[in-house]
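Structure record follows, encoded as structure tokens.
The values are calculated or read from the model by the stated rules, or taken from the named source; none is laboratory data. Bear in mind that the values here come from a model prediction, so they are computed numbers and not experimental data. With ideal geometry, Cβ positions are generated from the backbone for all residues, glycine too; neighbour counts draw on all protein chains shown. Surface areas here come from the heavy atoms of the whole protein model, side chains and all, with no ligands, DNA or RNA. Shrake-Rupley method; radii C 1.70, N 1.55, O 1.52, S 1.80 Å.
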Amino acid sequence: IQMPWEGVTTSTPSSTTNKKSPIKSNDKVVIFGATGGVGQLVTKKLSARDGKNYQLTIAARDAARAKETLDNDNIDVVELNLVGDNKATDAELQAAIEGATGVVVSVGTTAFPTKRWDGGNNPKAIDMEAVTRIANAASNVESVRRMVLLTSVGVSRTKQMPFLILNLFGVLDAKRAGEDAVKSAAGEAGFSYSIVRPGRLVGGPYTNLDLANLFKIEGGAENGVDVAGGDVLLGDCKRDACAEAVVQCLENESCVDLEFSLVSNEDTALTNDGWSSAFTSM
């Protein structure tokens with residue numbers, strides 16, 4: 001009798017790359033949270049990268065909904081539940097990641113109790129426990145070179161306003177625990193980690209019940225951003241700008257083992273060289 005975790009093999013990175021190298025053309029990238037606002041944009045950006053032909057795999061709770069939302073026949077969808085009684089096993093998580101060089105984690109829930117918490121989808125379960133399990137699974141896959149986690153500004157400023165209020169139900173504490181798990185897994189396995197901490201997310205696609213959704217707050221230029229190491233910025237961050245930051249963390253040679261905050265501004269979009277300079281300055 002073969003157990004679920006038997007038969008899961010690990011793959012070896014190309015001899016032309018090292019363990020922290022950027023993703024390359026034709027590489028497999030796994031995205032957790034691809035139906036969320038930023039996740040949708042990350043998926044579209046990776047799919048549209050000229051000449052890259054990335055092999056994208058989406059891990060989604062509802063495969064049918066994910067396919068309908070993303071509307072791309074070239075994307076593989078693996079149905080995995082990260083929370084609740086039917087949550088994926090560690091072996092299933094590892095199998096989804098197997099063969100990937102890049103892993104993006106853009107999961108989350110509301111900061112305050114809403115219907116989205118139904119079924120156990122609360123901050124502790126998703127931002128801490130699920131992220132920790134994904135990070136541990138990635139550490140067992142030899143091919144992984146880059147892992148990007150999307151969290152939030154304020155994770156290290158929970159005693160300050162307005163983060164004191166935002167963290168009343170522990171969302172920032174849970175996100176910080178998820179960050180620690182990713183960094184620990186990266187240290188153990190040797191791949192590069194990036195922690196992206198955007199300000200309040202604004203601009204489409206709108207998926208959350210928040211004020212930015214209600215009033216359709218756009219905020220910022222198409223991709224203009226302020227970027228700073230650590231957790232020091234405060235402001236709004238357009239989802240498109242945030243998604244570009246995530247993609248740059250996968251592709252940019254200069255982005256290795258970084259954690260940074262990000263808010264939108266009215267400047268023009270950063271070029272690839274601009275992103276390299278931002279990463280190098282941290």
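Among residues belonging to segment 1-43 that are within 22 Å of L258 (Cβ to Cβ) and more than 16 Å from the chain's Cα centre (by Cα), point out the one that is modelled with the lowest pLDDT. Ranking the qualifying residues of segment 1-43, first place goes to P13. Considering only segment 110-132, how many residues are open to solvent by 50 Å² or more (accessible area, probe 1.4 Å) and closer than 20 Å to E92 by Cβ? Matching residues across segment 110-132 total 3.
Those residues that are of a type in the set (S, T, Y) and open to solvent by less than 60 Å² (accessible area, probe 1.4 Å), I need them from segment 147-166; list them, please. T151, S152, T158, listed by residue number.
Per-residue answers, yes or no, for (1) at positive phi; (2) at pLDDT below 95:
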{"site": "E188", "(1), (2)": "no, no"}
{"site": "A212", "(1), (2)": "no, yes"}
{"site": "K216", "(1), (2)": "yes, yes"}
{"site": "D226", "(1), (2)": "no, no"}
{"site": "D231", "(1), (2)": "no, no"}
{"site": "Q248", "(1), (2)": "no, no"}
{"site": "S254", "(1), (2)": "no, no"}
{"site": "V263", "(1), (2)": "no, no"}
{"site": "T268", "(1), (2)": "no, yes"}
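Among the residues making up segment 175-198, those that are touching a residue at least 24 places away in the same chain (Cβ under 8 Å), more than 15 Å from V144 (Cα to Cα) and open to solvent by 10 Å² or more (accessible area, probe 1.4 Å) are K175, R176, A177, A181.
Under 30 Å from N18 (Cα atoms), in contact with an Asp or Glu (Cβ under 7 Å, 6 or more places away or on another chain) and either buried (at least 22 other Cβ atoms within 10 Å of the Cβ) or without any contact (Cβ under 8 Å) to a residue 24 or more places away in the chain (or both): does that describe V141? So V141 fits the description; yes. The lone criterion from (1) under 25 Å from Y193 (Cα atoms); (2) over 14 Å from the mean Cα position of the chain (by Cα) left unmet by A138 is number (2).
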